[in-house]
Structures are given as C-alpha cells and as structure tokens.
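For reference, the structure discussed in these notes is given below.
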Amino acid sequence: MRSSRRQIGRSRLARWALLPILGAGALVLAGCTQQQLNGFLPGDRNTTNHTAMVTDLWVTSWIVLLGVGLLTWGLLIWAIVVYRRRKGQTGLPVQLRYNLPIEIFYTIVPLILVIGFFAFTARDQAQIEANPGHPDQKIEVFGKRWSWDFNYLDEKTYSPGVQATARLNKDGSLDMSKLPTLYLPVNKRIQIDEESRDVAHSFWIIDFLYKKDLIPGQTNHMYFIPTKTGTYQGKCAELCGEYHADMLFQVKVVSQSEFDAQMQKLRDAGQTGRLGSDYNTDTNLPGTSGRVQNEGSGS
C-alpha cells in the first residue's frame, strides 16, 4: 500500500516538474520575432540565393539541440524531484552500474546527431561551393593590408581600396565614406575570384552568411546570386595585422543600369584595366616583383 502511494506521489511530482519546462517552451515559441525565427542571423532569407539554405540549416540545428536540451533538463529535474532524500532516510541509495541499454542509447543518439549535422552541412556546402558556370559578372578581389582592390574583369575596370591609415579622421575614428565599395548587379550570377597580396585574409560579406579565406599564392572562388538590393557591410574575418579591425568594405547590390553607370564612372576616372598580382607585396611568391601602388591609387 505504501509502495503504491509512493509511486502515485512520484508520478504527480514528475508531472509538476515538467510543467515549467513545457510552459517555458510554449512561451518561447509563441513569442518569437522574425529575427529569432532566423536564428538571430544578420540579414534575411532573401539576400542571396544561398542565405535561405544557410538559415534553415542553422535554425533546424538549434531546434534539434534545444529539443535534446529540454529532454535532458526534464530528466534531470525529474530525477532530482522523484528520487530526492525523504525525511528519515539515511545513507546512500542503491547504486546501479553498467546499465547496458542506457549506455547504448547514450552512445547511439549523439552519434546519430553528429552524423546528421555533418551530412546536412556537407550537402549544403557542396551546393554553395559548386561552380554553376557561365557567370553574368566576374569580379576579382585582392585582399591587402589593410584594404581591398576590386577588378571588374568583364568591364575591364577596377576600384582600388585606400589603406586603413588613410581612412582615419583626426580623432582616430574611421571615415566610413572612404570604405572600398564593391558593386554587384541584382539577380545576376556572380563569380568572385579571391586572392591575397600579402598574408592570409578572409572575405566576409556579413549578410550573405558566407566567407572565404584568401590564401597567398592561391585563388579561391565564391558563386552566388544577390537577390535583394541594398548596401551590405563586409570585413576581413582573419586576423591579419595591426589594422585588421579597420579592414572593412561595403557591397552595394544595385540594378543593372546603376551598375553600368558606376562602371562608366570608373572609366571616366581613368580606372581601366586590372590591378593584378604584380602589385602583390609578398615577394616570396613566384613571379612577384613586390611592386607597391602609391597612395593615390589606393594601396
């Protein structure tokens, strides 16, 4: 009789222990903003043709992990409440070891999670990294301490970046109006070839939810379609020296007519041709003379 009463009491306590967890979960899900539904990622799902895929992978992963966390916390609270020390009890409870079913469960579930996360990440990465071919716009980006050079290869124009030290105001703050700006036509297939003039950098357009390392002596590539006009912020995501934090740039996604007008401005300014690898300052690279641009041309 006592045993049955204890079991009833334990089941009631277990239900009461789970109520706060279920209530908290319901409140969180009911009160989610759009930013929270995007997993607090910058931008939105429609910035490029890849951002929705990255967002879904991120949010789904967190939902799975939160589910595992809620289950773990619920079992933990249940064990604390149901198997707490009763009045008059002394000593330790019966110790159990080598529960084979539970140990198998604790081994298989994490393994399934790791394999699942790896498989979906590899699938999405392969799709993002795949070269679709026939780009509408091909651009070459050179990272340099501490700025960026943009070559518009199809238009045979270029936009040189000014060094970070030349972008500082008298009070030491950064003059945002002098940031290097990359122009991209909206809804066009973009291929960006990325190289470094000196040390390792990382080309990161924040709202595009993807970045690519720039390795000296190696050309990396990015393929995407910008699907939403606007101005986006970019930065170097690889510690590259004293002014790494100021190695910023902007990306303007504009209509085709605005893009063409910007290319004409570069031609009118005499910025035709290409700022190629002959301006690299790493003289250890094969075929590099280490020639340096003057401040007027942006290096």
Original post:
Roughly speaking, what is the centre-to-centre gap between segment 148-194 and segment 232-275 when only Cα atoms are used, to the nearest Å?
Top reply: 2 Å
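Could you tell me the calculated FRET efficiency between residue 274 and residue 136, based on Cβ-Cβ distance and R0 = 30 angstrom, to the nearest 0.05?
Computed FRET efficiency for residue 274 and residue 136: 0.95.
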Original post:
How large is ³J(HN,Hα) for each residue in segment 96-101, as worked out from phi by the Karplus curve 6.51 cos²θ - 1.76 cosθ + 1.60 (θ = phi - 60°), to whole Hz, x for Gly and Pro?
Top reply: 10, 9, 6, 7, 4, x
**OP:** At q = 0.09, 0.12 Å⁻¹, what is the base-10 log of I(q)/I(0) for segment 109-267 according to the Debye formula with one equal point scatterer per Cα and no solvent? Please give it to two decimals.
**Re:** -0.33, -0.56
**OP:** Kindly list the residues of segment 178-202 that lie in the label zone of residue 255, defined by a backbone N under 17 Å from the point 7 Å along the Cα-to-C-beta vector.
**Re:** 184-188
Original post:
Excluding ligands, DNA and RNA, what is the solvent-accessible area per residue of segment 69-216 at a probe of 1.4 Å, expressed in Å²?
Top reply: 60 Å²
Subject >> Calculated FRET value between residue 178 and residue 102, using beta carbons and R₀ = 45 Å, to 0.05 >> reply: 0.15
Original post:
Can you list the HN-Hα couplings for segment 69-77, worked out from phi with the Karplus curve (6.51, -1.76, 1.60; θ = phi - 60°), rounded to whole Hz and with x for Gly and Pro?
Top reply: x, 4, 5, 5, 5, x, 5, 5, 5
Subject >> Amide H within-cut-off set for residue 189, under 5 Å, with H built and near neighbours excluded >> reply: 136, 137
Subject >> Per-selection metrics, segment 95-178 (Cα): Rg and Dmax in Å >> reply: 25.8, 76
**OP:** Report ³J(HN,Hα) in whole Hz for each residue of segment 46-52, in order, from the Karplus equation J = 6.51 cos²θ - 1.76 cosθ + 1.60 where θ = phi - 60°; Gly and Pro get x.
**Re:** 10, 6, 9, 6, 10, 5, 5
Original post:
Based only on the alpha carbon positions, what is the Kirkwood hydrodynamic radius of segment 142-227, in angstrom?
Top reply: 14.2 Å
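Between residue 94 and residue 242, what is 0.36 nm times their sequence separation minus the Cα-Cα distance? Round to one decimal in nm. List each step's numbers first, then the result.
Details: separation 148, 0.36 × 148 = 53.28 nm, distance 6.11 nm.
Stretched fully, the residue 94-residue 242 segment lengthens by 47.2 nm.
The values are calculated or read from the model by the stated rules, or taken from the named source; none is laboratory data. Since the model is a prediction, treat every value here as computed from it, not as a measurement. Positions of Cβ are generated from backbone atoms using ideal geometry, with glycine treated the same way; all protein chains shown enter the neighbour counts. The accessibility values were calculated without ligands, DNA or RNA, using every heavy atom of the protein model including side chains. Shrake-Rupley method; radii C 1.70, N 1.55, O 1.52, S 1.80 Å.
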